[in-house]
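The values are calculated or read from the model by the stated rules, or taken from the named source; none is laboratory data. The model shown is predicted, which means the values in this text are computed figures rather than measured ones. Glycine gets a Cβ as well: all are built from the backbone with ideal geometry, and neighbour counts include every protein chain shown. When the accessible area is computed, the model is the full protein with side chains, heavy atoms only, and any ligands, DNA or RNA have been set aside. Shrake-Rupley method; radii C 1.70, N 1.55, O 1.52, S 1.80 Å.
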Amino acid sequence: MPDSSPSPLPSPSPTLSPLAIHRDNVAAFDGLMLATLGYGAMVMLYIQVTQVLMRRPKRGRRFWFIVFYSTALFPLTTIAFAGKFKFVEKMYVSFGDFPNGAMEYMSTHAEDWPNVMSMICVTLVPWFGDVLMLYRLMVIWNYKWALVIFPTIVYLARVAMSVPLLISQIRNVPEPHADTYGLVFYVLCVTLNLTCTSLISLRLFMMRHKAERVLGSLQASLYNSSITMFVESGAFFTFWGLTYLIMRIRESWAADIFLQPYSFIIALTRMLIILRMAQNRAWSRELIVAADTGVLDWEVSSTNSSAVDVAKPSQGLEQTLPKKFKEDALSSSSSC
């Protein structure tokens, strides 16, 4: 008669001390909390992008690009977060006393469907995120294709490396080359984003005075501020990825704190760029050309200007004065 009793849990590994197990559990929990915060911020930005698009009268190619990109990024991050949350919930609630802690549970239960679903979406999110950075790099450098060759090669190599890495992450059987796959993948990711961030920041720094001559100091401040350069270049995710890579190389126990929200941080930084594009506050090709040539077209000026409420004339060139000025005019005429 077959034994129906549950299979015993694997014995604890003698190489892991109680302190190491505690650190792994803390890193997994803190990483989940940061992933939750990153996803929540991304949802708020997606709502803002939707509101801006619904009020946008002109719907050209840029409008539909923003719609497609934000609509693709939001469900991917949602599925990734839901799968991760369900997987970690089961780990802490049902298997809170699992031998060797959180890292051992994740490796031995990698084929659970919440983890598989989450890891697939976590792999796809950087694909979309880095495509946007390549597009913004081309726009800001006015389609100088020579500058995009190296980042594109790195991007294709990173996409190719993500496939074996994903397979190794959703199998219960340990993959002997999994650490090598992960290291190469994140080195390529950091290299790509560091290159894009540096080139975009350099270009925006070089365009500051040109933008002031074309737009004026007040209007150019929307494009020349440090916050604009920080957002447009995706610097936050670049620093985040670089920090994680350093911790991974140093084999720090805190590396998982930066790994868990990795894809949500890249989605957050890209959604910030999309929001600026939807608000017509991001650098566009027309604005770049105007700054380079020193000639600002009327359509570019009106598109990249801040909104000002102006009353439309009712008949011809006749405009309606506010009530206060009417009363002042009547009182002055009567006194005469």
Closer than 20 Å to Ala27 by Cβ and hydroxyl-bearing (Ser, Thr, Tyr): is that true of Thr243 in this structure? yes
Residues located in region 14-72, provided they are over 26 Å from Lys90 (Cβ atoms), of a type in the set (Val, Ile, Thr) and without any contact (Cβ under 8 Å) to a residue 60 or more places away in the chain: Ile47, Thr50, Val67, Thr71
Can you run down the residue pairs with Cβ atoms below 7 Å, 6 or more apart or on separate chains, where the first is in region 151-179 and free of Cβ contacts under 8 Å to residues at least 40 places away in the same chain and in a helix (DSSP H, G or I) and the partner is open to solvent by less than 50 Å² (accessible area, probe 1.4 Å) and β-branched (Val, Ile, Thr)? Ser162/Thr123
Here is a list: Arg281, Arg276, Arg270, Arg248. Which entry is among the basic types (Lys, Arg), buried (at least 23 other Cβ atoms within 10 Å of the Cβ) and in contact with a helix residue (DSSP H, G or I) (Cβ under 7 Å, 6 or more places away or on another chain)? Arg270
Which pairs do you get when a residue that is free of Cβ contacts under 8 Å to residues at least 40 places away in the same chain, found in region 196-218, comes within reach of a residue that is open to solvent by 10 Å² or more (accessible area, probe 1.4 Å) and of a type in the set (S, T, N, Q), reach meaning Cβ atoms under 8 angstrom, with the pair 6+ apart or on two chains? Arg208/Asn224; Glu212/Asn224
Would it be correct to say that Val214 is within 18 Å of Val289 (Cβ to Cβ) and part of a helix (DSSP H, G or I)? yes
Going by what's in this entry, would Pro164 be described as open to solvent by less than 60 Å² (accessible area, probe 1.4 Å), at pLDDT 90 or above and closer than 19 Å to Ile120 by Cα? yes
Please specify each residue of region 49-62 satisfying the condition of being in contact with a Leu (Cβ under 9 Å, 6 or more places away or on another chain) and surrounded by 15 or more Cβ atoms within 10 Å (Cβ to Cβ). Val49, Val52
Given Phe239, Phe230, which one is assigned to a helix (DSSP H, G or I), more than 27 Å from Arg62 (Cβ to Cβ) and either open to solvent by 70 Å² or more (accessible area, probe 1.4 Å) or modelled with pLDDT of 90 or more (or both)? Phe239
